[in-house]
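Please treat every number below as a calculation from the coordinates, not as lab data. Every value quoted in this text rests on a predicted model; they were computed, and no experiment measured them. Cβ coordinates were reconstructed from backbone atoms using ideal geometry, including for glycine residues, and neighbour counts include every protein chain displayed.
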Amino acid sequence: EDKVVQSPLSLVVHEGDTVTLNCSYEVTNFRSLLWYKQEKKAPTFLFMLTSSGIEKKSGRLSSILDKKELFSILNITATQTGDSAIYLCAVEPPHGGATNKLIFGTGTLLAVQP
Amino acid sequence: EAQVTQNPRYLITVTGKKLTVTCSQNMNHEYMSWYRQDPGLGLRQIYYSMNVEVTDKGDVPEGYKVSRKEKRNFPLILESPSPNQTSLYFCASMENTEAFFGQGTRLTVV
């Protein structure tokens, strides 16, 4: 059964800290891995990763994929209180199944304290 | 502005009273999906639709129905809601893997 596991489940840090969120998956030959940030409302898109070893960056956020070890990490440097959110990882299964289907992990709840 | 609109945002209802949560997208996407989000379980897919008149079950379809009579709308129907359907529901519209989510509907069934 396809599975996406995120760790830790929750994390409390102080402003300025650097955090690393983990996502491991049991979906072989997947198409892509995605990261979303969910604050009080709907998840918003952060990154899509398809190639192993290529880091994607957006400001203080970065993410990288390891297809061999089947995991991805999301790094946030110099955290701010506005980074407090649930971070969701999702994997898209390969072609042959339903296209555009996403399998979500349970999410990591990040709380950044002032 | 590209968006997915869900209504209502909040709903409290009683067991057995039929309800519909509407979802509309203005991006002309073919693929739409409904998820429910529960603590410790993440987002789980209820139903999805790959195009007009094409719908299929996701991972947790029991107790739900959907329809896709036109491309922009994908309502979620609970014919006889039960308390275990109390959850946060998201509609999503997708193209090339990127999902655009509605604002969510928090449903409580008492």
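Which entries in the list A:3/A:67; A:56/A:101; A:3/A:68; A:37/A:57 go over 18 Å, if you measure between the two C-alpha atoms of each? Distance filter (> 18 Å) returns A:56/A:101.
The protection proxy used here, the mean number of other Cβ atoms lying within 10 Å of each residue, ranks peptides A:50-58, A:101-109 as follows, highest first: A:101-109, A:50-58.
Rg over Rh for region B:1-77 works out to 0.96, both radii taken from alpha-carbon positions and Rh defined as the Kirkwood radius. Here the scattering of region B:63-110 is modelled by Debye summation over its C-alpha atoms, one equal scatterer each and no solvent; at q = 0.30 Å⁻¹ the log10 of I(q)/I(0) is -1.18.
Along region A:54-67 the Karplus relation, 6.51 cos²θ - 1.76 cosθ + 1.60 evaluated at θ = phi - 60°, assigns HN-Hα couplings of 9, 7, 10, 10, 8, x, 8, 9, 8, 8, 9, 10, 10, 6 Hz to successive residues, with x for each Gly and Pro. Near residue B:26, the amide H atoms lying under 5 Å from its own belong to B:3; only residues 5 or more places off or on other chains count, and H is placed 1.01 Å from N.
List the lysines whose Cα lies under 19 Å from the Cα of residue B:69, skipping any in the same chain that are fewer than 8 positions away. Partners within reach: B:57. Close amide-amide hydrogen proximity is noted between residue B:59 and B:45, B:46, each under 5 Å apart and 5 or more residues distant or on a separate chain (H modeled in the peptide plane; Pro and chain starts excluded). Remark: mean inter-chain Cβ contacts per residue of A:101-112 equal 4, using a 10 Å Cβ-Cβ cutoff to other protein chain atoms. Taking every residue in B:87-95 and counting other chain Cβ atoms within 10 Å of its Cβ, the average works out to 2.
Peptide A:43-53 has a mean shielding of 2, counted as Cβ atoms of other protein chains within 10 Å of each residue's Cβ. Packing here is the average count of other Cβ atoms within 10 Å per residue, and on that basis the peptides A:69-82, B:83-96, highest first, run B:83-96, A:69-82. Based on C-alpha pairs under 8 angstrom that are at least 6 apart in sequence, chain A has a relative contact order of 37 percent.
The mean sequence separation of alpha-carbon pairs under 8 Å and at least six residues apart, normalised by the residue count of chain B, gives a relative contact order of 36 percent. The value obtained for the protein assembly as shown, namely the Cα convex hull volume divided by the number of residues, is 123 Å³ per residue.
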